[in-house]
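Here the structure is laid out as structure tokens; the discussion comes afterwards.
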Number of protein chains: 2
Amino acid sequence: MLTRCLGARRLRQIRRAFRHGAVTFLCLFLTVIVLRGTIGAGKFGTPQQDFDNLRHHLNSHRRVLEEQHSEKTTTTTNNYATFDISTILVDEPSSKDEITRDPKAPYTLGPRITNWDQQRKRWLQQNPNFPNFIAPNKPRVLLVTGSSPKPCENPVGDHYLLKSIKNKIDYCRLHGIEIFYNMALFDAEMAGFWAKLPLIRKLLLSHPEVEFLWWMDSDAMFTDMAFEVPWERYKDHNFVMHGWNEMVYDEKNWIGLNTGSFLLRNCQWSLDILDSWAPMGPKGKVRDEAGKLLTRELKNRPVFEADDQSAMVYLLATERDKWGDKVYLENGYYLHGYWGILVDRYEEMIENYHPGLGDHRWPLVTHFVGCKPCGKFGDYPVERCLRQMDRAYNFGDNQILQMYGFTHKSLASKRVKRVRNESSNPLDVKDELGLLHPAFKAIRLSGMLIQ
Amino acid sequence: MLTRCLGARRLRQIRRAFRHGAVTFLCLFLTVIVLRGTIGAGKFGTPQQDFDNLRHHLNSHRRVLEEQHSEKTTTTTNNYATFDISTILVDEPSSKDEITRDPKAPYTLGPRITNWDQQRKRWLQQNPNFPNFIAPNKPRVLLVTGSSPKPCENPVGDHYLLKSIKNKIDYCRLHGIEIFYNMALFDAEMAGFWAKLPLIRKLLLSHPEVEFLWWMDSDAMFTDMAFEVPWERYKDHNFVMHGWNEMVYDEKNWIGLNTGSFLLRNCQWSLDILDSWAPMGPKGKVRDEAGKLLTRELKNRPVFEADDQSAMVYLLATERDKWGDKVYLENGYYLHGYWGILVDRYEEMIENYHPGLGDHRWPLVTHFVGCKPCGKFGDYPVERCLRQMDRAYNFGDNQILQMYGFTHKSLASKRVKRVRNESSNPLDVKDELGLLHPAFKAIRLSGMLIQ
């Protein structure tokens, strides 16, 4: 509607001005935070939380634009010197015709299951060769991530998705974790950030041997290759997210937790919370109306359609008695770490700390919320995002390369240099971080299998 | 030099004419092959081999251009509507200054090791929690692949690298194989296709627990998710490549084997063959001169610098007594399958066969030699390559999706459709191919670990 009144170009100009205004606001806000950091944070939490607030402010701004933008996109146009690939990459017709569900009937992720714990237990007993624990205190974990089956609108976006999955492959190989990379949309109604729900449910039910499912956004990277999740800490919990109790239960702050990286146990409770989480997701009127409710009910949430993260804050805050005892809001280490407050400190971390800490000193995960390298519109200058993503990638990659005697020439450089000579007794050489054969990767097989 | 004589533009025109000439030649050659297929192949092998010849003819042509082109590339230019990322993606200075090795001294991959079998055996005994066999007849395998740390010159190239690694992640997850994705150049002299040698040696020596290293090109995809490599067949061999004995040992045909997908056992013999393989690799005069020798000595090999595949043919053909007994040239299934003769038959395969065969009826690997989606110059029309890569990807992906009750709408479509309803007893539902919990993924742990 706005487009018809103002014209697309004017609308873009207005949006651009709004974004510039947001940047001005950002600078002012930063000034305030620095002052507060000097004077003291007071009852509003840490300067760290302020940054998160800021991030999410911009994050929501981005999401508004993202959702509006994605609805308009119907073709991918790529013109290259040698040929026009638009004939290959033209989007297929919209899948609106496939939503055959009666819109009046409530949305469900699938037929209700009430005895999943029993079904699963029986299956595990019948299948001892697919155990749900692969070592004492070491559950079988499936890390789930993914991206669109279409090439990125921004040509370098796919390159960053490639680096991101290599980064995850490296961490998961070291930690004995399997990966599922999704590029399929299972449920047209639950598109966008909600797509993870049908996917997660499907994987839990298909893989009873999986004890924990670890969802991780494609724009999140591992920056501590040595940190092992403290699985024992969660033995009485089913859902682990980075967040703060006060910000969720007391403030109903829409960024009180983050759903870009979380752990979900394979059990009946998890199926139940997925079922309770899903109803705000279906695209269209339901998601729009839910968005208005969330903006009204949550603290600081801007106006846009319902997202999975806000919905989870709302669910927990309003049904704490039902879910709270099995939810662990973890802030002792960066299961999710907002990139804005981490990436400029990498050199300081290298100087003062070491891998294995997982927290602000050496974050497990650096999450590039708001950057959106795959699309055309992000909340931050593209150059800032790409440069910092390179640095974060190299920061993590150095921990892999050191196993083999190499390191990046600098955090900005793709190139590597040798830092340890070759040896004719390679097995006498230990890598500094002990990552070649770490304890968290050891397995004890039945019988001696050295052949 | 040619550029100075003729001018860059004229040189490009000449190259373009040469490529067009190659296409004309291709058409003529195809005509001959079809006739021969009708009349009979005679003593020159099967029509299939003819296609391989053709493929490699174009492959070599591509490689000539590739090597010449890569030497010229110093900046990546990407101009997009919103910003100019050329400042980020400018190539770093050439690494010529880093080649400090005395060029007169023979090249080596590292200090000579002569007792690797003993070193490794001792380590395995001392580290029973890192066994080299993870089940009876199931060696621990590390699949190694990789790509350049730079964004592809062709913007969609990274998208196909992403799909390719997802494809490998899927196969390897099902088959209990770990992945190492390399994006670092360990040895500047061994750039290009030779880069795999220092990498492979480094990984073998760093990971004594790995029994077999499986090298796989980034342009090769798994198209049979159910096929398990017959490890037992190779219990007395150390090096498995797709190829034919006659074509290597009798004909010295430069495409008698393929080094795009091979298995290498972690043992002294393998270190020795890597040492013998490497000398033709160092970039510059050595590689150029070796290339001339290989063209002279091998059958049908065009003129270009030494490549690892030709070098291996030459090594085996001239030193059969030394290496031959431990090399298995496998043609019973497609450890490597030339895409040109496979991709148009996928529908026929679906109609008549099923996954698990691995051979011409349902190829384990479809290898897109000559396509080069990451660069600007391939041997085949880009559209043909990209369309067929999509089909091959979907052909393999369908076998993953069927586990979860979905399939691609067609081999050309990114979109998926449901083919099996959700159930409230998901564990009673078996996926058709039995890939959810296949035998080749089962492990027996010490003690019962169901918790």
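The values are calculated or read from the model by the stated rules, or taken from the named source; none is laboratory data. Keep in mind the model is a prediction, meaning the values are calculated, not measured. When we count neighbours, we look across all protein chains shown, and the Cβ atoms used for this are built from the backbone with ideal geometry, even at glycine. What goes into the accessible areas is simple: the full protein's heavy atoms, side chains included, and nothing from ligands, DNA or RNA. Shrake-Rupley method; radii C 1.70, N 1.55, O 1.52, S 1.80 Å.
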Mind listing whichever residues of region A:323-364 are in a helix (DSSP H, G or I) and over 28 Å from A:Lys409 (Cβ atoms)?
-> A:Trp323, A:Gly324, A:Asp325, A:Lys326
Among the residues of region A:124-158, the number that are within 20 Å of the chain's Cα centre (by Cα), polar (S, T, N, Q) and open to solvent by 20 Å² or more (accessible area, probe 1.4 Å) is 2
Please specify each residue of region A:114-164 satisfying the condition of being in contact with a Cys (Cβ under 9 Å, 6 or more places away or on another chain) and in a strand (DSSP E or B).
-> A:Val141, A:Leu143
Only one residue in A:Lys372, A:Lys376 is touching a His at 6+ places or on another chain (Cβ under 8 Å), among the basic types (Lys, Arg) and part of a loop (DSSP other than H, G, I, E, B), so which one is that?
-> A:Lys376
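Residue by residue, here is whether (1) under 12 Å from A:Gly146 (Cβ atoms); (2) among the hydroxyl-bearing types (Ser, Thr, Tyr); (3) within 13 Å of chain B (Cβ to nearest Cβ) holds:
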{"residue": "A:Met183", "(1), (2), (3)": "yes, no, yes"}
{"residue": "A:Asp187", "(1), (2), (3)": "no, no, yes"}
{"residue": "A:Lys196", "(1), (2), (3)": "yes, no, no"}
{"residue": "A:Ile200", "(1), (2), (3)": "yes, no, yes"}
{"residue": "A:Val210", "(1), (2), (3)": "no, no, yes"}
{"residue": "A:Trp215", "(1), (2), (3)": "yes, no, no"}
Residue check, B:Gly291 against (1) open to solvent by less than 20 Å² (accessible area, probe 1.4 Å); (2) free of Cβ contacts under 8 Å to residues at least 40 places away in the same chain; (3) under 27 Å from B:Thr114 (Cβ atoms), all met but one. Which one?
-> (3)
Restricted to region B:326-337, and to residues that are in contact (Cβ under 8 Å) with a residue 60 or more places away in the chain and not aliphatic (A, V, I, L, M), which residue is most open to solvent (accessible area, probe 1.4 Å)?
-> B:Asn331
Would you mind telling me which numbered condition in (1) under 14 Å from B:Val141 (Cα atoms); (2) not in a strand (DSSP E or B) B:Lys202 fails?
-> (1)
Scan region B:380-421 residue by residue and report those that are acidic (Asp, Glu) and modelled with pLDDT of 95 or more.
-> B:Asp390, B:Asp397
Consider A:Gly110 carefully, then state whether it is within 9 Å of another protein chain (Cβ to nearest Cβ), of a type outside the set (S, T, N, Q), on the phi > 0 side of the Ramachandran plot and touching a residue at least 24 places away in the same chain (Cβ under 8 Å).
-> yes
Some residue of region B:341-355 being in contact (Cβ under 8 Å) with a residue 40 or more places away in the chain and touching a Ser or Thr at 6+ places or on another chain (Cβ under 7 Å) = yes
Check B:Asp219, B:Asp224 and return the single one that is acidic (Asp, Glu) and within 27 Å of B:Glu305 (Cα to Cα).
-> B:Asp219
Just one of A:Arg320, A:Arg301, A:Arg296 is basic (Lys, Arg) and buried (at least 22 other Cβ atoms within 10 Å of the Cβ); which is it?
-> A:Arg301
Any residue at all in region A:298-311 that is polar (S, T, N, Q), within 30 Å of A:Thr108 (Cβ to Cβ) and at pLDDT 95 or above?
-> yes
When only residues in region A:176-207 that are more than 19 Å from the chain's Cα centre (by Cα) and among the acidic types (Asp, Glu) count, which is least open to solvent (accessible area, probe 1.4 Å)?
-> A:Glu189
Looking at B:Gly340, B:Gly375, B:Gly370, which one is at pLDDT 95 or above, open to solvent by less than 40 Å² (accessible area, probe 1.4 Å) and either within 16 Å of the chain's Cα centre (by Cα) or within 14 Å of another protein chain (Cβ to nearest Cβ) (or both)?
-> B:Gly340
Residue set A:Asp428, A:Asp397; condition among the acidic types (Asp, Glu) and touching a residue at least 12 places away in the same chain (Cβ under 8 Å); output residue A:Asp397
Quick one: would you say B:Tyr314 is touching a residue at least 24 places away in the same chain (Cβ under 8 Å), open to solvent by 10 Å² or more (accessible area, probe 1.4 Å), of a type outside the set (D, E, K, R) and assigned to a strand (DSSP E or B)?
-> no
Within region B:208-267, which strands (runs of 3 or more DSSP E) (wholly inside it) include 1 or more residues that are open to solvent by 20 Å² or more (accessible area, probe 1.4 Å) and under 30 Å from B:Asp390 (Cβ atoms)?
-> B:212-216
Note on region A:396-451: residues acidic (Asp, Glu), within 10 Å of chain B (Cβ to nearest Cβ) and either assigned to a loop (DSSP other than H, G, I, E, B) or under 18 Å from B:Val210 (Cα atoms) (or both) are A:Glu422, A:Asp428, A:Asp431
